[in-house]
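Colleague: Mind looking over this structure? Questions follow.
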Amino acid sequence: MGIIAWIIIGLLAGAIAKALMPGRDPGGILVTMLIGIVGGLLGGWLGKVIFGVESIDGFFDLSTWIAAIIGSVIILALYRLITGRGHRGHGVHA
């Protein structure tokens, strides 16, 4: 797949990951896209290592999208853990 396909998959997989894990994250669409691209690569690698399958075959393959979304959720969770973001209540606690 070309770089344009990875950007499109990254944007959509990152957006789906954010929909599955709602919360406040800084960075907007660029961070969403980067999370999705890295998540897609992570998902493909995990599919290879754990299941011994080629997870990232093509743009329209279901396995590509599943791997990208699962990887994006993992990357988003790590991003929130590292930055301390994603909690709904950021107010002052009494």
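Colleague: Read through the list (1) outside any loop (DSSP other than H, G, I, E, B); (2) of a type outside the set (Ser, Thr, Tyr); (3) modelled with pLDDT under 75; (4) open to solvent by less than 40 Å² (accessible area, probe 1.4 Å), then give the number of the only condition that Gly47 fails.
Modeller: (3)
Colleague: Is it true that Pro22 is modelled with pLDDT under 85 and touching a Lys or Arg at 6+ places or on another chain (Cβ under 8 Å)? Give the steps one after another, and end with the answer.
Modeller: Working: modelled with pLDDT under 85: yes; touching a Lys or Arg at 6+ places or on another chain (Cβ under 8 Å): no.
Answer is no for this residue.
Colleague: Ok, one more. Quickly run through region 8-28 and pick out the residues that are over 12 Å from the mean Cα position of the chain (by Cα) and assigned to a helix (DSSP H, G or I).
Modeller: Applying the first criterion (over 12 Å from the mean Cα position of the chain (by Cα)) to region 8-28 yields 8, 22-28.
Across region 8-28, the qualifying residues are Ile8, Gly28.
One line per residue, one yes/no per condition, for (1) free of Cβ contacts under 8 Å to residues at least 60 places away in the same chain; (2) in contact with a helix residue (DSSP H, G or I) (Cβ under 7 Å, 6 or more places away or on another chain); (3) open to solvent by 40 Å² or more (accessible area, probe 1.4 Å):
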{"position": "Ala5", "(1), (2), (3)": "yes, no, no"}
{"position": "Gly14", "(1), (2), (3)": "no, yes, no"}
{"position": "Arg24", "(1), (2), (3)": "no, no, yes"}
{"position": "Gly27", "(1), (2), (3)": "yes, no, yes"}
{"position": "Ile35", "(1), (2), (3)": "yes, yes, no"}
{"position": "Leu42", "(1), (2), (3)": "yes, yes, yes"}
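The values are calculated or read from the model by the stated rules, or taken from the named source; none is laboratory data. Keep in mind it's a predicted model, so treat the numbers as computed, not measured. With ideal geometry, Cβ positions are generated from the backbone for all residues, glycine too; neighbour counts draw on all protein chains shown. Surface areas here come from the heavy atoms of the whole protein model, side chains and all, with no ligands, DNA or RNA. Shrake-Rupley method; radii C 1.70, N 1.55, O 1.52, S 1.80 Å.
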